[in-house]
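K.L.:
After the structure tokens below, expect a handful of questions from me.
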Amino acid sequence: MPHKPEYYMHRALELAAQAAALGEVPVGAVIVNAEGEIVGRGFNQCISQQDATAHAEVQAIRDACQNTHNYRLNQCTLYVTLEPCTMCIGAILNARIKTLYYGAKEPRTGVIASVCNLPAQPWFNHRLEVKGGLLQAAAKKLLENFFQARR
Ligand SMILES: [Zn+2]
């Protein structure tokens, strides 16, 4: 039985807090299947993994693909605490994620509502359903606390 979207975004926020504890920019993501089970989890780990591609969304997609033994995640929903970047939208579309929920906007690198609307471009052969702003205040607070502590 699926939970409400807020439930899953809270799980993503918990993962974002794990990233912050490691000194990583706090972004977290979970992937949920059609039955409402969390099948993938990820948080930003670029520094600790020494991997420029280790964004929360990519980590969660890798985890979900391994757990479901499938390179596509057709009926899945991805929840991420921050508006995705170009790379992550590419990964999300390649994974055929059905629906994307994000929290806070990312004014410099976000490619859904901030700098452009990349997934809406007509050359993609996959349509992604997008819902922004879910628990955005909590996601923003985590990021602000993180960057304030570093100053
Ligand atoms: Zn990204």
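The values are calculated or read from the model by the stated rules, or taken from the named source; none is laboratory data. Here the structure is a predicted model, which means the values were calculated and not measured. Cβ atoms come from the backbone with ideal geometry, glycine included; neighbour counts cover every protein chain shown.
K.L.:
Test each condition in (1) within 12 Å of the chain's Cα centre (by Cα); (2) of a type in the set (Phe, Trp, Tyr); (3) part of a loop (DSSP other than H, G, I, E, B) for Tyr102 and report the one that comes out false.
P.N.:
(3)
K.L.:
Considering only residues that are assigned to a loop (DSSP other than H, G, I, E, B) and out of contact with any Asp or Glu (no Cβ under 7 Å at 6 or more places or on another chain), which ones fall in segment 39-57?
P.N.:
Matches in segment 39-57: Gln50, Asp51, Ala52, Thr53, Ala54, His55.
K.L.:
Considering Arg108, Arg96, Arg150, which residue is at pLDDT below 95 and not aliphatic (A, V, I, L, M)?
P.N.:
Arg150
This table checks each residue for (1) touching a residue at least 12 places away in the same chain (Cβ under 8 Å); (2) of a type in the set (Ser, Thr, Tyr).
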{"position": "Gly42", "(1), (2)": "yes, no"}
{"position": "Thr53", "(1), (2)": "yes, yes"}
{"position": "Leu82", "(1), (2)": "yes, no"}
{"position": "Leu93", "(1), (2)": "yes, no"}
{"position": "Cys116", "(1), (2)": "no, no"}
{"position": "Phe124", "(1), (2)": "yes, no"}
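K.L.:
Going by what's in this entry, would Thr99 be described as away from the ligand (no atom under 13 Å from the Cβ), among the hydroxyl-bearing types (Ser, Thr, Tyr) and within 13 Å of Val39 (Cβ to Cβ)?
P.N.:
no
K.L.:
Determine whether segment 125-147 contains at least one residue that is crowded, with 20+ Cβ neighbours inside 10 Å, small (Gly, Ala, Ser) and within 12 Å of the ligand (Cβ to nearest atom).
P.N.:
no
K.L.:
Got a sec? Which of Ala91, Ala64, Ala60, Ala17 is more than 10 Å from the ligand (Cβ to nearest atom), hydrophobic (A, V, I, L, M, F, W, C), in a helix (DSSP H, G or I) and closer than 21 Å to Ala113 by Cβ?
P.N.:
Ala60
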